[in-house]
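Shown next, in structure tokens, is the structure this report addresses.
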Amino acid sequence: MAGRGNAHPLMRNNIVRDDLDHVIEYLSKPDPRLTQGANVKAFEEEWSKWLGVKYSVFVNSGSSANLMSMSIIKNLYGDGDVIVPPITWVSDIVAVLHNQMTPIFVDINPRHLGMDNDSVIDSLTEKTKCVFLTHVQGFNGLTRRLLDELERRGIPLVEDVCESHGATFDGQRLGSYGFISNFSFYYAHHMSTIEGGMVCTNNEDVYQMLRMYRSHGMVREIENETTRDHYASEFPDLNPDFIFAYPGFNFRNNEIGAIIGRNQLKRLDNDILKRSKNHNLFISNLNSKRFRTNFLLDGSSNYAFNVILNEPDIGLRDRLEAAMEQSNIEYRRGSAGGGNQVRQPYLRAIVDAGDWLKYPEAEHIHFFGWYVGNYPDLSEDEIRRLCRVLNEV
Ligand SMILES: Cc1ncc(COP(=O)(O)O)c(C=O)c1O
């Protein structure tokens, strides 16, 4: 449920006139290529440079990025457990399930909404094949202790950065720490290519696999000629143009998305600065006796304001939702993913009813947490008005 009006929507102006003008200019050329081409390649290179990784692969959504990363983890590390948070987007868990791996849930840390890193370490076993960590709502979810422990044990980290473009840990951008990292460019995020996502890595073999997984598992996607030739000589009965090395997908994006993405990337850092300024103003105007304001803000990059009650109070919750609707403030209860994933029916085959109570911090967000939009062109007055509505209920 959310407010229906537009006084304070979840997102606004995320694709601007200038982005569209760039598309129109391209479309005005004689015979412009629209399917994946030079702009996609250029966007991937520019993104890699911005993020501080060697390789990026542009795909059609953050969910496709999730599915590809888990497919590659399964391919390289085999069957087993993947550590996941109960507060994340559904496609993170679904990516694990579609690869016949087992999601092991770890509760979140209330100060950054991502998995509590010490609890992640406590939950690692011989069966753990991967830690699939979500940086929730622009907050950094990493600690040095976790990174060191994963490195020591040789367990790969996959970072879901779909909600946290530009956030940093220790001065380095999130998404540059993981073995693989995923971004979304869905409309409601820090930047948008209409629909879209990026998968990033520093590992050249993984990069070539990602290219193949994006395009039906096709060997001709490999950029290295020697490897392509190797496949051709190993499978002489196959047409080299149609060797399918992996059970891949068609997750390609297109030139229009890439043109918008390239144009948006130019203003991303500036937009992040504006959003961070908004976020600070929001936090400092919110009544800390009623709402959580003690988030770990170091390096954060928030496209949303988190409104989380300090105490569970159903009456206050209902009054707050009524006040937001009355004031046309659009909101999502349960943070970006709709709350505790463990409660969702798609998990009922593998999680017993009632198991969701094992994750009390996620439960609190499920019932007493919301997010509302934070975009670069929000005015100070709008932020103060929002805080007034929330504080005065
Ligand atoms: C944490 C997280 N992961 C993955 C996704 C999926 O991204 P997309 O909507 O591009 O499929 C989202 C989407 O909102 C998300 O919030």
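Considering all C-alpha pairs of region 318-383, those separated by over 20 Å amount to 43%. The alpha carbon centroids of region 328-348 and region 111-180 are separated by 22 Å.
The residues of region 17-259 expose on average 41 square angstrom of accessible surface per residue, using a 1.4 Å probe on protein heavy atoms. When the alpha carbon gyration tensor of region 203-257 is reduced to an equivalent ellipsoid, the three semi-axes, largest first, read 20, 13, 10 Å.
Short to long, the 5 Å bins of the Cα pair-distance histogram for region 268-392 hold 2, 10, 19, 21, 19, 13, 9, 5, 2, 0 percent of all pairs. When the listed pairs LYS49/LYS129; LYS29/LYS49; LYS74/LYS127; LYS74/LYS358 are checked against a 22 Å cut-off, the alpha-carbon distance exceeds it for LYS49/LYS129; LYS29/LYS49; LYS74/LYS358. Our Cα-only numbers for the chain put the radius of gyration and Dmax at 21.5, 74 Å.
Between PRO110, HIS22, VAL59, whose Cα lies farthest towards the positive end of the dipole of region 17-259 when Lys and Arg beta carbons carry +1 and Asp and Glu beta carbons carry -1, centred on the Cα centre? The Cα lying farthest towards the positive end belongs to PRO110. Taken along its three principal axes, the alpha carbon spread of region 64-129 comes to 33, 27, 13 Å, from the longest extent down to the shortest. With q set to 0.15, 0.17, 0.32 Å⁻¹, the log10 of I(q)/I(0) for region 7-56, from the Debye formula over equal scatterers at the Cα positions, is -0.64, -0.76, -1.08. In a simple Cβ point-charge model (Lys, Arg +1; Asp, Glu -1; nothing else charged), region 268-392 has a dipole of about 140 debye relative to its Cα centre.
Calculated [222 nm] ellipticity per residue, helices only, for the chain: -12500 deg cm²/dmol; basis is -39500 (n - 2.57) per DSSP H run with n ≥ 4, divided by all residues, nearest 500. Alpha-carbon geometry of region 64-216: the Rg and the Dmax are 14.2, 41 Å, given in that order. SER233 versus ARG220, label points 7 Å from Cα toward the beta carbon: distance in nm? It works out to 2.2 nm between the two label points. Diagonalising the gyration tensor over the Cα atoms of region 184-226 and scaling each eigenvalue by 5 before taking the square root yields semi-axes of 26, 12, 7 Å, largest first.
The values are calculated or read from the model by the stated rules, or taken from the named source; none is laboratory data. The shown structure was predicted, so the numbers you read here are calculated from the model rather than taken from an experiment. With ideal geometry, Cβ positions are generated from the backbone for all residues, glycine too; neighbour counts draw on all protein chains shown. Each accessible area value is taken on the protein alone, full model and side chains, heavy atoms only, with ligands, DNA and RNA left out. Shrake-Rupley method; radii C 1.70, N 1.55, O 1.52, S 1.80 Å.
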